[in-house]
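Below you'll find the structure, written out as structure tokens, and then a few comments.
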Amino acid sequence: MGGLEYGAQTHEPRDDASMRSFRHDRFGQFIHWGLYALPAGSWDGVTYGFAAEFLPQSATIPPERWARLGDEFTAPEFDPMTWARTARDLGARYVTITTKHHDGFCLWPSEYTDFTVAATPLKRDVIGDLVHAYTDVGLAVHLYYSVLDWHHPDWRYSVDTPADRDAFTRYLTFASDQLRELATRYPAVRGFWFDGTWDESVKANGRWTLETERMLKALIPGAIVNSRLRADEHGTRHRGSEGALMGDYFSGYERRLPEPWDRSVTAEDWEACMTIPQNSWGYHAGADVARSHKHPLELVEQLVHAVSLGGNLLLNFGPRGDGSFPEFEQDVVGTVGAWLAANGACVYGCGVAEGWDYPGWGFYTRNAETGVVYAIVTRIPVSGAVVLQLPEDIRIHRLTALDTGEAVPFEHRGDRAIRIGVDRAASAPPVFAIETRHHETAPSAEVNPDLADV
Ligand code: JFZ
């Protein structure tokens, strides 16, 4: 390992049951909820186009003033079972929830600060109630934690003086205490998603990032931790100075995906996180932000794009301050959920389809267990037909429409390609399930006449 003390602990992807199930799940729901959902991007009559959770910075709101928003946190519509059903209807298999974002407000009654949901009219332990509800409907829960904290007096962006060092050391103890508290209070959680780790102060504490990862894994066996937590002793993040991934999966694809033909990314586990608006994680009520919302089918496309490259997609939802989901998010739940209900077999348990080159009209995925290859047509050509280039020595055994299970006619174009007609009026990406066989492999146990009687 070339002597890095706080760098990567292993050079191989994890292959234990917990990691396999995270990989199998492929689709998660991200939840950003906190005080920022109340002003929803506007302050004193001015709307700020930037991300709603950054409003304290955009509108230069002093922490004391921001903290008073707690008095308005009544969330009359907040119902953990409704949230859990929403995640399940979306087709997500896991949920990652913000426990504390950059503003420092905690959605659980932490004993290490007063700035928590316990001091609001809502009072209840939001994280505890959600962990319970999601687990009840069979979803894995991960906890998001921002190390960056605009509220805590000991937070520092950089550590320049001995006084800074003392303060930041106290801060890291506070963060460790909170993380131990989370892991102890909610042992059912399956992983931790770190954020707010890009400042010089954290980069100078690579050792703390490794110790934190170890502590969480000791408290919760099998816990999964994203790469964004980690820095090595040189302050190099995500991947150590030697290039090896730190943490369990690469979490650097933010509001973007790798190029669809870039198979090099399949060497690591990774998860991309995605917003529905162009750029807001917390609920933003601004009209310009609303105009930037992605179409629900664009999100279907991004999901299969991620899976085709062996990655997960974590799709963000920002519930309103009252605890309800805005209409555009409910539309996403309806459309993406319905598509997955019919076509989920091309997502769950699937990954890269080796040998099947990026086709341009969509994506290929493959279920590693069954070997079935899926062709997902996200961009139906005006010709009304797609051509599939087959890997060498691969023949089509059976070709069906995934949603109906019915056989689909196709036309051979030599040995290495087939052509399938596609309904140009399809209202959602059609998926073809392809069972293949090897060219040389005899389909039955017939004796090869050339070898008989030898
Ligand atoms: C961070 C947060 O600032 C944001 O509010 C949200 O929680 C998001 C999930 O994470 O934003 C980032 C983090 C990393 C990058 C950009 C924005 N990055 O790596 O480019």
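Just so it is clear, none of the values below were taken in a lab; they were calculated from the coordinates. None of these values were measured; they are calculated from a predicted model. Don't worry about glycine lacking a Cβ; one is built from the backbone with ideal geometry, like all the others, and counts go over all protein chains shown.
Of note:
- Exposure proxy ranking, count of Cβ atoms within 10 Å, fewest first, for Val202, Val352, Val382, Val225: Val382, Val352, Val225, Val202
- Pairs of Lys residues in the chain, spaced 8 or more positions apart or belonging to different chains, with C-alpha separations under 22 angstrom: 4 in total.
- Under 18 Å from the Gln389 label point (7 Å along Cα→beta-carbon), backbone N, region 409-440: 412-420
- For the chain: relative contact order, % (alpha-carbon pairs under 8 angstrom, 6 or more apart): 17
- In the chain, helical runs assigned H by DSSP with n ≥ 4 each contribute -39500 (n - 2.57); averaged across all residues and rounded to the nearest 500, the mean residue ellipticity at 222 nm is -7500 deg cm²/dmol.
- Radius 13 Å from Cβ of Arg416, net charge of other residues (Lys, Arg +1; Asp, Glu -1): -1
- Other-chain or far-sequence residues with amide H under 5 Å of Phe192's (modelled H): Leu143, Ile224, Val225, Asn226
- For the chain, with +1 on Lys and Arg beta carbons and -1 on Asp and Glu, the positive-most of Ile394, Tyr145, Gly337 along the dipole: Gly337
- GluC sites (Glu not before Pro) lying in DSSP loop within region 39-107, provided at most 16 other Cβ fall within 10 Å: Glu77
- Between Glu327 and Met215, the contour length at 0.36 nm per residue exceeds the alpha carbon distance by 36.3 nm.
- Restricting the trypsin sites (Lys or Arg not before Pro) of region 35-134 to loop positions (DSSP other than H, G, I, E, B) with no more than 14 neighbouring Cβ atoms within 10 Å leaves Lys123.
- Loop-located GluC sites (Glu not before Pro) across region 397-436 with a Cβ neighbour count of 14 or fewer within 10 Å are Glu406, with loop assigned by DSSP.
- Taking Cβ atoms as reference points and 15 Å as the exclusive limit, the residues near Arg23 contribute a net charge of -3, counting Lys and Arg as +1 and Asp and Glu as -1.
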